[in-house]
Amino acid sequence: MTSDTTVSIENAEIIYEKPPSGAFEEVLFGSDRGNTLWVRFSDRDGAAEWIGKFGCGVSTSMRVTKAVEPDRFMVVAGGAAYLVDATRRQLLNQHIDAFVQDIAYDSKRNHFIAADVRLRIIEGGHEVWASKRVSIDDIHGLRVDGRVLSGTAVVGYEGEEEPFSFDLDSREFLTGPDFSSWDVPAPSAKPKPWWRFWK
């Protein structure tokens with residue numbers, strides 16, 4: 001997925017109506033089976049434009065944000081995340097998980113931070129760390145500001161919410177709810193039948 005253009009692609013926006021066929025050059029990321037998120041990428045003047053088609057997960061979280069200046073963008077498409085070099089039209093990293101509600105990107109460490117009822121750090125497509133549980137049902141609204149990740153956790157059965165903040169370097173929560181008492185411990189080894197103790 002390369003382009004001959006040397007113009008830096010610096011802007012991106014979600015478009016909510018499928019563009020007419022042939023109106024823009026299109027590049028597919030993920031699968032086009034099922035739901036697809038359409039994102040228009042353009043240079044500063046709007047002269048060079050192309051459309052990225054991104055396969056969607058099942059959550060309602062849809063956004064595009066600049067991850068690294070001048071031309072790297074993170075696209076969140078229903079729980080699926082794509083890191084794209086918009087000038088070269090290349091996929092740099094991705095993470096797709098059916099149970100993820102929202103995803104953020106840590107550009108310093110090149111990690112995705114996936115959220116369901118806890119935060120999970122994803123490196124090279126694999127979970128390398130998971131937080132304590134901070135929600136009873138859902139985490140959404142993830143955003144990174146400097147080295148702090150913030151978001152909102154659902155904390156009540158009537159949809160009550162509470163904000164949280166998380167230090168990306170220490171991997172500790174600065175503020176927010178704690179549902180770690182809800183975590184189920186890993187099952188221990190199956191006990192031996194009583195008659196085995198007599199042998």
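The values are calculated or read from the model by the stated rules, or taken from the named source; none is laboratory data. All of these numbers come straight from a predicted model, not from anything done at the bench. Neighbour counts run over all protein chains shown; Cβ positions are idealised from the backbone, glycine included. Protein only, heavy atoms only, side chains kept; ligands, DNA and RNA dropped before computing areas. Shrake-Rupley method; radii C 1.70, N 1.55, O 1.52, S 1.80 Å.
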**Request:** Report yes if GLU158 is within 19 Å of SER107 (Cβ to Cβ), modelled with pLDDT under 95 and not polar (S, T, N, Q), otherwise no.
**Result:** no
**Prompt:** Can you name every residue in segment 44-87 that is open to solvent by 10 Å² or more (accessible area, probe 1.4 Å), in a strand (DSSP E or B) and either touching a helix residue (DSSP H, G or I) at 6+ places or on another chain (Cβ under 8 Å) or not hydrophobic (A, V, I, L, M, F, W, C) (or both)?
**Reply:** GLU49, LYS53, ARG63, THR65, LYS66, ARG72
**Request:** With respect to GLY52, determine if the residue is at pLDDT below 90 and either within 18 Å of VAL100 (Cβ to Cβ) or of a type outside the set (Phe, Trp, Tyr) (or both).
**Result:** no
**Request:** Being out of contact with any Ser or Thr (no Cβ under 7 Å at 6 or more places or on another chain) and of a type in the set (Asp, Glu) is the filter here, so list the residues in segment 60-115 that pass it.
**Result:** GLU69, ASP85, ASP97, ASP106
**Prompt:** Among ARG40, ARG109, which is the only one that is outside any strand (DSSP E or B) and of a type in the set (Lys, Arg)?
**Reply:** ARG109
**Request:** Could you grab me the full set of residues in segment 110-121 that are within 19 Å of LEU91 (Cβ to Cβ) and open to solvent by 10 Å² or more (accessible area, probe 1.4 Å)?
**Result:** ASN110, HIS111
**In segment 177-199, the residues that are modelled with pLDDT under 95, in a loop (DSSP other than H, G, I, E, B) and over 15 Å from ALA130 (Cα atoms)** = PRO187, SER188, ALA189, LYS190, PRO191, LYS192, PRO193, LYS199
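Of these, ILE15, ILE96, ILE103, which one is buried (at least 18 other Cβ atoms within 10 Å of the Cβ), aliphatic (A, V, I, L, M) and in contact with a Phe, Trp or Tyr (Cβ under 6 Å, 6 or more places away or on another chain)?
Unique residue meeting the criteria: ILE103.
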**Message:** Among the residues that make up segment 127-147, is at least one of them more than 11 Å from the chain's Cα centre (by Cα) and in contact (Cβ under 8 Å) with a residue 60 or more places away in the chain?
**Reply:** no
